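Below you'll find the structure, written out as structure tokens, and then a few comments.
Rule-based calculations on the coordinates, nothing more; no lab input. These figures come from a predicted structure and were not determined experimentally. Positions of Cβ are backbone-derived with ideal geometry, glycine not excepted, and every protein chain shown enters the neighbour counts.
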Amino acid sequence: MTTSREFALAGATTRLAVLLVMSSLALAGAFALKPPADVVLDGAMRQQTIDALAVELHRHYVFPDKARQIETLLRQRLRDGKYDAIANGMQFAAQLSADMAAVAHDLHMKVRFSPEVLRPGREPNVAANAAANAAPVRNGGVEEVRRLGPAIGYLRISAFPPPSLVAARYASALNALADTDALVIDVRDNRGGSPQSVALLISYFVDRRTRLNDIWSRDSGQTLQFWTEDRLDGKRYGGKKPVMILAGPRTASAGEDFTYTMQALQRATVVGARTWGGAHPVAPYRLGDHFYAAIPNSRSISPITHTNWEGTGVAPDVAVAPAEALEVALDRLRRQRDAGLARRGAN
């Protein structure tokens, strides 16, 4: 087994940590070689794209049996002329993505089209390009830190950038909220990011070193373990005080990792709706001059549940409309507080 720190030293963490929700906006620019030109999508290009896609799926997809099933479906549809009327590259990529999803139900797996010629013989540093080209993440994803009354804290997290960008912000936030009696963490609009940062934030909510998640890479055959940090820059919130997590369909990837793991640890109550359902880290693979595929080459495996949230999302403990989640969470926390006060009074 490999720990996250050891794996990072080996230089391989970036590809395992890449999540499509953070990288899809950057991929086309990362590959681009020259200005756009008119692209003619003909039968030869459709055939070549499917041939290349099949090769990359067999080499990298985390479920080899599903790769075979996908290839069978795509080649059958090609023979049946199902793609013949598609002359637009974006539409062809979308149809291939839909056909793959019909087999694998893997939300991170996509085919993308670029009107610009894609660089041959190289793969981009997706994490770096995502950071450079995607919508900027404000304040390291720590959007809001405040108190909802004297005893309840509120922390809103919109993304999980790398630890180097957020460690100080997590420390500042938890220092400000450490003396509250309960905490609401809002990830309803969290688009994902780094599993290392997920582990860092969870570290504030446990009392001892804890194994949180594993990521198995098909390409390397290695399993990367994610553990909590022993030393933190801020005050530890601890493993006893109530924590409510607000989540919903816009909670994605690393946001789901945080929600799923805190729930599996029985460290938080999840309030809201089922999350997006994408658990598998991906990498980009060039299929030709104008097409590339984001293929999950790794699999998240919880050491607690021995599975993950791929295709299912994280089911809430308290199901309500996301817009109502904060009000419901606060009501539950206040009722818990009142019940505790009543018990102490009875004694």
Quick one: which of 81-94, 308-321 comes out on top by average Cβ neighbours within 10 Å, and what's the full order, highest first?
308-321, 81-94
Nonlocal amide H pairs with G193, under 5 Å, H built at 1.01 Å
F160, A254, G255
If one computes P(r) from the Cα atoms of the range 180-256, what percent of pairs lie at distances over 21 Å?
37
Give me, ordered by chain and number, the residues 5 or more places off K110 or on other chains with an amide H under 5 Å from its own placed amide H.
A294
Tabulate in residue order the Karplus-calculated ³J(HN,Hα) for the range 44-61, using 6.51 cos²θ - 1.76 cosθ + 1.60 with θ = phi - 60°, rounded to whole Hz; enter x for Gly and Pro.
5, 5, 4, 4, 5, 5, 5, 4, 5, 4, 4, 4, 5, 4, 5, 6, 10, 5
Karplus (6.51, -1.76, 1.60) ³J(HN,Hα), θ = phi - 60°, over the range 182-190, in Hz, Gly and Pro reported as x:
7, 9, 10, 10, 9, 10, 5, 10, 8
Ranked from highest to lowest mean number of other Cβ atoms within 10 Å per residue, what is the order of the peptides 46-56, 258-268?
258-268, 46-56
Projected area averaged over orientations for the range 205-296, convex hull of C-alpha atoms, nm²
8.4
Starting at the first residue of the range 289-300, write each ³J(HN,Hα) from the Karplus equation 6.51 cos²θ - 1.76 cosθ + 1.60 with θ = phi - 60°, in whole Hz, x for Gly and Pro.
5, 10, 10, 9, 10, 9, 10, x, 10, 9, 9, 6
